[in-house]
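Student: The structure is given below, and queries will be raised subsequently.
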Amino acid sequence: MSTGVAIPVFCASLAASLGATVVFARRLDRLSARLEVSEGLHGILTALGADAPEISTAIAALVASHAKIGVGVVVGSNVFNLAALLGLSALVAGHVRIHRHGLLLNGGVAVAITAIAVGLVLGAIGAAVATVLLAVVFVPYVAMLSLRTARIQKAPGPVRSFLVAAVREEAVDVRTGEHPPPASRLDLAVLAGALAVVVLGSVGMVQAATDLGDRWGVSDVIVGTLVLAALTSLPNLLTAVRLALRGRGAATVSEAFNSNSLNVIAGIAIPALFLTLGPAGGLVTFSMWWLLGMTLLAVVFAYAGHGVRRVEGAAVIALYVAFAAVIASQ
């Protein structure tokens, strides 16, 4: 498509996708209320709702044989999430607090999933092996968050005490004080319609962005890792700032790590079972290792300070700026 068509298509697709994401996330909240899921599992569903644009855009790019854009969207979104959800929220709120047991639980899962993603994207492990490893890490994590404290207390001694503390803290951390009404049949229909709009908007964004990138000489890595990644992460950013201003910093930390984990699983690993990711170039390799390093550093910062303070938040943002500068310079 021509530049005169691609620009309005991109803007319209972005607006439609982000608007539908807000609707999708709200209806998903109602569905979790209807199902009466635990607060920990509700936090994962909330992260999934906000992740809809990143995941659908990554899949749309992979289906369109733009593997570098697909991988770039996930990696760039995850790096952006760490800078925006943790760094910016710390600057806004002063101190994004989180309990240490809960941090070790969801932060440890995020680090493990990111490490598996590095192996998958760089070709060290195959898609089937990566999916199995991700299931081994993520399924027990979701299962634990789905259990009530009384059930966890049946686990063996030291493991029991850690899990009880971690799941209890995670449940407290993800509370927002909001109590959405249970979903109705109308909500389910709206949920499906909103998801369809998100997917269609993502397809439009990918097509328009690749056409504009080709015309303006911008590489697929830059288009995916910087442009689409940041734009599709806006719902997560808005949610994080809102939570931080309400003093719900710990919920922001949980959202950041869970969002990144879901992006990897749904945006790269599962599609890789059916679609090829292609060879990883120098920028993709750099991006993957940078993401793993930033994730580890974020966990260390949050553990040392019982959360992320303004100084550490500024450091995380500076790391994103450096990352973006390296990508943009290529």
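Quick grid of which residues meet (1) out of contact with any Leu (no Cβ under 6 Å at 6 or more places or on another chain); (2) at pLDDT 95 or above; (3) not in a loop (DSSP other than H, G, I, E, B):
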| position | (1), (2), (3) |
| --- | --- |
| Ala250 | yes, no, yes |
| Leu275 | no, no, no |
| Ser287 | yes, no, yes |
| Trp290 | yes, yes, yes |
| Val300 | yes, no, yes |
| Glu312 | yes, no, yes |
| Ala315 | yes, no, yes |
| Ala325 | yes, no, yes |
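Student: Here are Ala150, Ala209, Ala183: which of them is of a type outside the set (Lys, Arg) and at pLDDT 65 or above? First the steps, then the outcome.
Tutor: Numbers: Ala150 fails: at pLDDT 65 or above; Ala183 fails: at pLDDT 65 or above.
Just a single option satisfies the conditions, and that option is Ala209.
Student: I've got another one for you. From the list Gly281, Gly305, exactly one residue is in contact with a helix residue (DSSP H, G or I) (Cβ under 8 Å, 6 or more places away or on another chain) and surrounded by fewer than 16 Cβ atoms within 10 Å (Cβ to Cβ). Which is it?
Tutor: Gly281
Student: Continuing with this model, one more query. Criterion first (at pLDDT below 90 and either touching a Pro at 6+ places or on another chain (Cβ under 9 Å) or over 14 Å from Ala229 (Cα atoms) (or both)) does Ala61 satisfy it?
Tutor: No.
Student: Based on this model, can you work out whether Ala130 counts as touching a residue at least 40 places away in the same chain (Cβ under 8 Å) and among the aliphatic types (A, V, I, L, M)?
Tutor: For Ala130, the condition - touching a residue at least 40 places away in the same chain (Cβ under 8 Å) and among the aliphatic types (A, V, I, L, M) - is met.
Student: I'm told Glu255 meets every condition in (1) crowded, with 23+ Cβ neighbours inside 10 Å; (2) modelled with pLDDT under 90; (3) within 26 Å of Cys11 (Cβ to Cβ) except one. Can you identify the failing condition by its number?
Tutor: (3) is the only condition that Glu255 fails.
Student: Enumerate the pairs (first residue in the stretch 91-104 and over 13 Å from Arg246 (Cβ atoms) and buried (at least 17 other Cβ atoms within 10 Å of the Cβ); second residue anywhere and among the aromatic types (Phe, Trp, Tyr) and modelled with pLDDT of 75 or more) with beta-carbon separation below 8 Å, excluding pairs fewer than 6 apart on the same chain, so at least 6 apart or on different chains.
Tutor: Within 8 Å, the pairs are Leu103/Tyr303; Leu104/Tyr303.
Student: Right, something else. Looking at (1) of a type outside the set (A, V, I, L, M, F, W, C); (2) part of a loop (DSSP other than H, G, I, E, B); (3) buried (at least 24 other Cβ atoms within 10 Å of the Cβ), find the lone condition where Gly123 falls short.
Tutor: (3)
Student: I would also like to ask the following. If we scan the stretch 65-87, do we find a residue that is in a helix (DSSP H, G or I), more than 16 Å from the chain's Cα centre (by Cα), surrounded by fewer than 20 Cβ atoms within 10 Å (Cβ to Cβ) and in contact (Cβ under 8 Å) with a residue 24 or more places away in the chain?
Tutor: For the stretch 65-87, residues in a helix (DSSP H, G or I), more than 16 Å from the chain's Cα centre (by Cα), surrounded by fewer than 20 Cβ atoms within 10 Å (Cβ to Cβ) and in contact (Cβ under 8 Å) with a residue 24 or more places away in the chain: absent.
Student: Which of the residues belonging to the stretch 126-144 are farther than 25 Å from Ala251 by Cβ and either in a helix (DSSP H, G or I) or polar (S, T, N, Q) (or both)?
Tutor: Ala127, Ala128, Val129, Ala130, Thr131, Val132, Leu133, Ala135, Val136
Student: With respect to Arg215, determine if the residue is in a helix (DSSP H, G or I), farther than 13 Å from Ala83 by Cα and without any contact (Cβ under 8 Å) to a residue 24 or more places away in the chain.
Tutor: no
The values are calculated or read from the model by the stated rules, or taken from the named source; none is laboratory data. The structure presented is a predicted model; accordingly, all values stated were derived computationally and were not measured. Cβ sites come from the backbone with ideal geometry, for glycine too, and all protein chains shown count toward neighbours.
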